[in-house]
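A.B. asks: One structure, pasted below without further comment.
Readers should treat all values here as calculations from the given coordinates under stated rules, not as data from a laboratory. Everything numeric in this text was worked out from a predicted model, so none of it was measured. As a convention, Cβ positions derive from the backbone with ideal geometry for all residues, glycine included, and neighbour counts pool all protein chains shown.
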Amino acid sequence: MPIEIRKRKNSVLSIGMAVTDLLAGPVPRDLFSRDSVPVTLMTRPGGDALNVCLNAAALGMDCRLVSCIGADPNGMMIQKALSEAGVRTDLLQVLSHTATAVTIVVTENSGERHFLTCQDIFSKISAEEISDEVLQKTGFVSLNSYYRMPLVDGAPAAALFHRARALGALTLVDTMHCREGNAMERILPVLAETDLFFPSYEEARQITGRDTPEEMAAVLQETGVGVFAVKLGERGSFVTDFTEHFSIPADETAKVVGTVGAGDTYCAGFMAALAKGYSLKEAAAFATCACACTVEVPGANGGIKSFAQVEERYQAYRTRHE
């Protein structure tokens, strides 16, 4: 059954990864056959849930992050970025005996990305401390690192989403690659409580076993998901509420520097637009324009400065595509 799209509270509770990204590139394909390769190195705060919070906050949303960091310099950098953005951190755990997660993002000359990760800390993320009082103040509960949080994935997430929806929030899931296999089986209990499901193409392909967005949608319709939006990279996105569907082209004016964090920005932009009362199609186009702002800067966040900035880009996009 299609979800009821109406203006929601302008607030996000984002659950998932907060990491230090070490960006390295561009590198040649034969990197490991060379003795030395000169690259540009940059350290930035990143991670799916943190990116959603920073980008949504830049779009004017009230954001709260549920994650874990270490009591170390990388954790301090993350806390500083969140504080400067106005993101609430009362549900952010700071662990004294575990290091903050680090992801090394290696980008080839072609733009292809490879990730080296140390993320054991996310086995400690829990949703148990998220109270009904918090959920009552939340417009969107966004689970942004599915398949990486053993204490959240599955039944705990489904129970959280059930409570959130009963209190008036929309629920969103953005997945990662399922390393263990059985991707559909592991997410099925949550999909029945999910209003917005936003995997990448490869993630959706792994979950559904289908190759086209239309075929994927046919499988997911049976799970109870409200809206399915598959992120297609440079081809934009495919969005359906199972009564209508539409393809949203990418913003062809984007001057791409890197694509890290684009999918997280899509989630943030979509929620920000729905909070303003935009339709699904309008929200998908707005989210696409938000992505364009992110891919034009290094790192996974920082390209969005304000809602007005993205709105201006969105209006120009509409003129070109409508």
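A.B. asks: With no other cysteine's Cβ closer than 4.7 Å, which Cys residues of the chain count as lacking a disulfide-compatible partner?
C.D. replies: CYS68, CYS118, CYS178, CYS267, CYS289, CYS291, CYS293 - these cysteines have no disulfide-compatible partner (Cβ-Cβ under 4.7 Å) in the chain.
A.B. asks: Within the chain, how many lysine pairs that are 8 or more places apart, or on different chains, have C-alpha atoms less than 18 Å apart?
C.D. replies: Count of close lysine pairs: 10.
A.B. asks: Something else: Loop-only check: which GluC sites (Glu not before Pro) in the range 174-232 are DSSP coil with at most 14 other Cβ within 10 angstrom?
C.D. replies: Listed in order of number, the matching sites are GLU180, GLU222.
A.B. asks: At 7 Å along Cα-to-Cβ for each site, give me the label-to-label distance between ASP35 and GLU312 in nm.
C.D. replies: So the two model labels end up 5.0 nm from each other.
A.B. asks: Simple spin-label model, 7 Å along Cα-to-Cβ: SER123 to ASN109 in nm?
C.D. replies: 4.0 nm
A.B. asks: Among ASP30, ASP35, ASP264, which comes first, then next, by fewest other beta-carbon atoms within 10 Å?
C.D. replies: Lowest count first: ASP35, ASP30, ASP264.
A.B. asks: Scan the range 69-152 for GluC sites (Glu not before Pro) in coil per DSSP, keeping those whose Cβ has at most 13 other Cβ atoms within 10 Å, and list them by number.
C.D. replies: Listed in order of number, the matching sites are GLU112, GLU128, GLU129.
A.B. asks: Something else about it: 222 nm [θ] for the chain, helices only, -39500 (n - 2.57) per DSSP H run of 4+, per residue, to 500?
C.D. replies: The per-residue figure over the chain is -10500 deg cm²/dmol.
A.B. asks: On full extension of the chain, what length is gained from SER131 through THR212, given 0.36 nm per residue of separation minus the C-alpha to C-alpha distance?
C.D. replies: 25.3 nm
A.B. asks: Here is a follow-up. Among ARG34, ARG235, rank each residue by its count of other Cβ atoms within 10 Å, from fewest to most, as a rough exposure measure.
C.D. replies: In increasing order of surrounding Cβ atoms, one gets ARG34, ARG235.
A.B. asks: Once phi is turned into θ = phi - 60°, what whole-Hz ³J(HN,Hα) does the Karplus curve with 6.51, -1.76 and 1.60 give for every residue of the range 69-74, x standing for Gly and Pro?
C.D. replies: Calculated HN-Hα couplings, in order: 9, x, 8, 9, x, 5 Hz.
A.B. asks: Using only the Cα atoms of the range 197-279, build the gyration tensor, take square roots of its eigenvalues as a ≥ b ≥ c, and label the shape rounded, prolate or oblate: rounded if a/c is under 1.5, else prolate if a/b is larger than b/c, else oblate.
C.D. replies: Oblate, since a/c reaches 1.5 and b/c is not below a/b.
A.B. asks: Take ALA71 and LYS281, extend 7 Å from each Cα along the Cα→Cβ direction, and tell me the distance between the two endpoints in nm.
C.D. replies: 5.5 nm
A.B. asks: I want the local charge near TYR147. Using Cβ-Cβ distances under 14 Å, sum +1 for each Lys or Arg and -1 for each Asp or Glu among the other residues.
C.D. replies: Charge balance near TYR147 sits at -4.
A.B. asks: Restricting to DSSP loop positions (anything but H, G, I, E, B) with no more than 16 other Cβ atoms inside 10 Å of their own Cβ, which trypsin sites (Lys or Arg not before Pro) remain in the range 115-206?
C.D. replies: LYS137, ARG179
A.B. asks: Still on this model: If I stretch the segment between ARG179 and GLU252 completely, what's the gain in nm (0.36 nm per residue apart, minus their alpha carbon distance), one decimal?
C.D. replies: Fully extending the segment from ARG179 to GLU252 adds 23.0 nm.
A.B. asks: How do ILE187, ILE130 line up, fewest other C-beta atoms within 10 Å first?
C.D. replies: Neighbour counts put them in this order, fewest first: ILE130, ILE187.
A.B. asks: For ASP90 and VAL297, compute 0.36 nm times the residue count separating them, minus their Cα-Cα distance, and round to one decimal in nm.
C.D. replies: Between ASP90 and VAL297, full extension yields an extra 71.6 nm.
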